[in-house]
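*Asks:* Before I ask anything, let me first share the structure, which is written out below as structure tokens.
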Amino acid sequence: MYGILVDVTRCTGCEKCVDACIKANDLNYDKAQIDGVATRDGLSSDRLSTIIKLDKGRFAKKSCMHCDEPSCVSACLVGGITKSPEGPVVYDPSKCIGCRYCMLACPFHIPRYEWDSTHPYMMKCDMCYDRLKDGKLPACVEACPNKAIVFGDREVLLKKAHERIAANPKKYINHVWGEDEFGGTSVLYISDVDLDKLDWPNVSSLSIPELTEPLISKTPFIGLSVMAGILSINWVIGRRMKLAEARKKQEENSKPEIEKDQDDEQ
């Protein structure tokens, strides 16, 4: 299974990876630059990857983590998001119903919605899945001039990450972000500063599907119950309207009879 290793100590914040991502995904470059300043973390439907400034002058790339047990996949009711055998978490817009459950479920706050589009889709990094199928590197990896982003087999990258930490214990924090968190991610980080500014959740190794699936599995039943309630209310209201209409007609039909009886008495 593929993965990406980000070495924060090698990142200079040049944003060449961001530019390459915009170009590879045929996104709006001018809007992406505006969004990079306007949005809270720089991500948007036109900016699927961004650079976050960390402590001590460090920088780090932020994009989809491609979780080994993706919460977005667990939350999607229609199978519009899937974990590919190769590792990337990919999105099929033809199946999307626009519920945006994926956005709510993601612990890293990654998926973005095309709010200004008349036919909106959910947007996120797919690790350049089409490029991978053509034997190419992800655009961000290919563009990085300092080899701060490395692509390869996840297990090999994990081994490399631990080797770098062991070889330079004073340089790195003894932790590989993404190795265990939320069941593991395909994007891994090693760093000499904390990654809290990447909105990295402070949690144990519990995977998100373990939390979301109990609720998501009940969603169809909840939906059917709500629908049944609405239909019941609609039937009651309709019944009352029909009874009121029948009563009104009865009163209208009985009125001439009363007037006729009064004429006969005279």
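*Asks:* Averaged per residue, what accessible area in Å² does segment 130-200 show with a 1.4 Å probe, protein chains only? Write out the running numbers ahead of the final one.
*Replies:* Numbers: 3510 Å² over 71 residues.
Heavy-atom SASA per residue in segment 130-200 reads 49 Å².
*Asks:* Going highest first, how would you order 191-197, 44-50, 239-245 by mean Cβ packing within 10 Å? Intermediate results must be reported in sequence, preceding the final value.
*Replies:* Values: 191-197: 16.7, 44-50: 23.4, 239-245: 10.0.
Top of the packing list down: 44-50, 191-197, 239-245.
*Asks:* Grab the other residues whose beta carbon is less than 15 angstrom from that of Val18, score K and R as +1, D and E as -1, and report the net.
*Replies:* With Lys, Arg at +1 and Asp, Glu at -1, the neighbours total +1.
*Asks:* Net charge near Asp7, counting Lys/Arg +1 and Asp/Glu -1 over other residues with Cβ under 9 Å of its Cβ?
*Replies:* Values: positive: Arg10, Lys147, Arg164; negative: none.
Neighbourhood net charge equals +3.
*Asks:* Report the net charge of residues surrounding Leu54, where surrounding means a beta-carbon distance below 9 angstrom and charges are Lys +1, Arg +1, Asp -1, Glu -1. Intermediate results must be reported in sequence, preceding the final value.
*Replies:* On the way: positive: Lys53, Lys56, Arg58, Lys197; negative: Asp55, Asp194, Asp196.
Surrounding charge for Leu54 is +1.
The values are calculated or read from the model by the stated rules, or taken from the named source; none is laboratory data. From a predicted model like this one, the values you see are computed outputs, not experimental measurements. All Cβ positions, even for glycine, are placed from backbone atoms using ideal geometry, and neighbour counts span all protein chains on display. Protein only, heavy atoms only, side chains kept; ligands, DNA and RNA dropped before computing areas. Shrake-Rupley method; radii C 1.70, N 1.55, O 1.52, S 1.80 Å.
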